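The values are calculated or read from the model by the stated rules, or taken from the named source; none is laboratory data. None of the values given here were measured: they were computed from a predicted structure. Cβ placement follows ideal geometry from the backbone for every residue including glycine, while neighbour counts extend to all protein chains displayed. The protein model used for the area step is the full one, side chains on, heavy atoms only, and it has no ligands, DNA or RNA in it. Shrake-Rupley method; radii C 1.70, N 1.55, O 1.52, S 1.80 Å.
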Amino acid sequence: MSSIKPVRKAVIPVAGWGTRFLPATKAMPKEMLPIVDTPTIQYIVEEAVASGIEQVCLVTAHTKKAIEDHFDRSLELEALLDAGGKTEFADQIRAIADMAEIVAVRQKEAKGLGHAVLCAESFAAGEPIAVLLGDDVVYNEGTPCLKQLIDVYNETGGSVLGVQTVPHENICKYGCVDGEKIGDRLYTVNDMIEKPAPEDAPTDVGVLGRYVITPGIFEKLKATKPGAGGEIQLTDALKALAKEEKMYAYDFEGRRYDVGDRLGFLEATVEYALRREDLAAPFKTYLKSILTK
Ligand code: G1P
C-alpha cells in the first residue's frame, strides 16, 4: 500500500501521578526513576527513535518538568564535564538532547489516557501516531517492539495494538482484545474491553502499552464518554474506531516489564544490569552470593 502516511510521530503520555510508586514519586516524576542509570522514559524514547520516529510529543503536567529538562541541553553540565576531561559523559548527555525533536503539551486535567492522547491532536496534524506508555518498558534483542507494529501498519494501513497473552487473573489490569487470529502473531480486532473482570474477559490477550493509531482516533476520542474508573479511555475510542476501520493486534516479540509496579521495576533493574557489559560479571557474582546464603 503506497498511499498510507508513514509513522513519524510518537505520543508519550507522562502526566500520571505515579501513586503506585509513592513515596519515590512525591516530588519526582515516576518516568525519571532509573533502571540501572537511565531514566525509564529514556528507554521509551530510545525505542521510538530506533523504530524510525522523528518527533515525540510528551503529554505532561506541571509536576513533570524534570522530564523536559532531561531531553534538553544542559550547557553548564556539558561545560563542566568537558573542562574536567570527562568528554565521554559530556557526549553522552549531549546525545540525549539530540535524539529526536521533542515537544511537550500539557494535559490540564487528569481525565484519563484517552484524554491525554486527545491533547496531542494538533501535534499529530492528520498523521498516524505511535503511542507508547511509560510504564511499559520492552526489551527485544532484534526489531524494537514499536518497529514491529509499524511494520504491520505499513503492510495493512490499519491501526495496530501491541499485545501479549497475560495470565488469566491479570487481564483485569489491561485493555482486553477480542478478535481472530489471522497470522503467526497477528489478530484482527473485533472488540475491546478496558480492564474486564477475569470472568467477563473474552480472551487473555492484553494491550501492553504500544499502539500505532490512524488519525480517525481523534474524532472518536472527542465522542468518548468517561468509562472504566470514570476516565476517558483510549480503549473505548479504539473500540469505536475498530467498528469503522480495519484494526489489528500484534503479539510482539520482546520481554515487557511493568515498571510502574514495584516487582516489575525490580525485575527490570536486575535484568538490565545483567545485560550490561560493565556490570554483568560482578553483579552475577553478588546475586549468587546472596541467594546461596
Ligand atoms: C493502560 C491502558 C490499558 C493498557 C495498559 C498497558 O492502563 O488503559 O488498556 O492495557 O495501560 O499497560 P493503565 O495501566 O495506565 O491503567
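Show the residue pairs meeting these rules: Cβ distance below 6 Å; 6+ apart or different chains; first residue within region 230-241 and more than 14 Å from Cys119 (Cβ to Cβ); second residue more than 10 Å from the ligand (Cβ to nearest atom) and not in a loop (DSSP other than H, G, I, E, B).
Ala240/Lys220; Leu241/Ile217; Leu241/Lys220
Would you be able to tell me the number of residues in region 177-211 that are away from the ligand (no atom under 15 Å from the Cβ) and in contact with a helix residue (DSSP H, G or I) (Cβ under 8 Å, 6 or more places away or on another chain)?
Qualifying residue count, region 177-211: 2.
Which condition number in (1) in contact with a strand residue (DSSP E or B) (Cβ under 6 Å, 6 or more places away or on another chain); (2) of a type in the set (Asp, Glu); (3) under 19 Å from Gln233 (Cα atoms) is the one that Glu121 fails?
Answer for Glu121: the failing condition is (1).
Take the residues in region 135-154 that are under 23 Å from Lys239 (Cβ atoms) and acidic (Asp, Glu); name whichever of them is least open to solvent (accessible area, probe 1.4 Å).
Residues of region 135-154 that are under 23 Å from Lys239 (Cβ atoms), as a first pass: 135-136, 145-146, 148-150, 152-153.
Keeping just the survivors that are acidic (Asp, Glu) gives 135-136.
Details: Asp135: 38, Asp136: 13 Å².
Restricting to residues being under 23 Å from Lys239 (Cβ atoms) and acidic (Asp, Glu), the top hit is Asp136.
From the residues in region 252-279 that are within 23 Å of Ser159 (Cα to Cα) and part of a loop (DSSP other than H, G, I, E, B), which one is farthest from the ligand (Cβ to nearest atom)?
Glu253
I'd like the residue in region 160-172 that is surrounded by fewer than 23 Cβ atoms within 10 Å (Cβ to Cβ) and free of Cβ contacts under 8 Å to residues at least 40 places away in the same chain and, out of all such residues, is nearest to Asp200 (Cα to Cα).
The first filter runs over region 160-172 and keeps only residues surrounded by fewer than 23 Cβ atoms within 10 Å (Cβ to Cβ), leaving 164-170, 172.
Going one step further and asking which of them are free of Cβ contacts under 8 Å to residues at least 40 places away in the same chain, we end up with 167-170, 172.
Working: Pro167: 14, His168: 11, Glu169: 11, Asn170: 12, Cys172: 9 Å.
Residue satisfying both the conditions and the ranking: Cys172.
Just checking, which of Ala249, Ala228, Ala240, Ala223 is within 13 Å of the ligand (Cβ to nearest atom) and over 23 Å from Asn140 (Cβ atoms)?
Among Ala249, Ala228, Ala240, Ala223, only Ala228 is within 13 Å of the ligand (Cβ to nearest atom) and over 23 Å from Asn140 (Cβ atoms).
Can you name the condition, by its number, that Phe89 falls short on among (1) crowded, with 19+ Cβ neighbours inside 10 Å; (2) in a helix (DSSP H, G or I); (3) not β-branched (Val, Ile, Thr)?
(1)
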